[in-house]
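**Q** First the structure, which I've put down as C-alpha cells, then a few questions once you've had a look.
Nothing in this text is a laboratory measurement; each read-out follows from the coordinates by a stated rule. Computed from a predicted model, the values in this text were never measured in an experiment. No Cβ is skipped: glycine too gets one built from the backbone with ideal geometry, and neighbour counts run over all protein chains shown.
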Amino acid sequence: MHGCGAGPLRHYEQVANSRDGGQVAPMIADHAVYGFTGGEFAGLDVIRGASERTWSTVEHERYAIEHLH
C-alpha cells in the first residue's frame, strides 16, 4: 500500500474484517454508496444491513485492499 491514504485504508480493512457493524459504521459517510454482489446500496443504514447480509454468506473470506497508487 502506498501514499498518505494507506493508514486509514489499512484500518478500514481491519475493521471490515471484524464483521462488526458497530465498528464499521463510524467509518462510513451517511451519503456513501457501496457496491456488493447483490447490487448498489446507498446510505449508512442500508449499507450496514447489506454488509451484515454479505458477511453472513462469506464467513471465511477476508476483505483486502491492494495495489493503491
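**Q** Where does helix 44-57 land angle-wise versus the long Cα axis of the chain, in degrees 0 to 90, nearest 10?
**A** For 44-57 against the chain, the angle is about 90 degrees.
**Q** Next question, about the same structure. Does anyone have the angle between helix 6-18 and the longest principal axis of the chain? Alpha-carbon axes, 0 to 90°, nearest 10?
**A** 30
**Q** Okay, moving on. Let me check I've understood the local charge: for residue 19, count other residues with C-beta under 11 angstrom from its C-beta, Lys and Arg +1, Asp and Glu -1. What total comes out? Intermediate values should be presented prior to the final figure.
**A** Numbers: positive: 62; negative: 20, 52, 59, 61.
Around residue 19, the charge tally is -3.
**Q** If you wrap a convex hull around the Cα atoms of the chain, how much volume per residue is inside, in Å³?
**A** Details: hull volume 6.8 nm³, N = 69.
It is 99 Å³ per residue.
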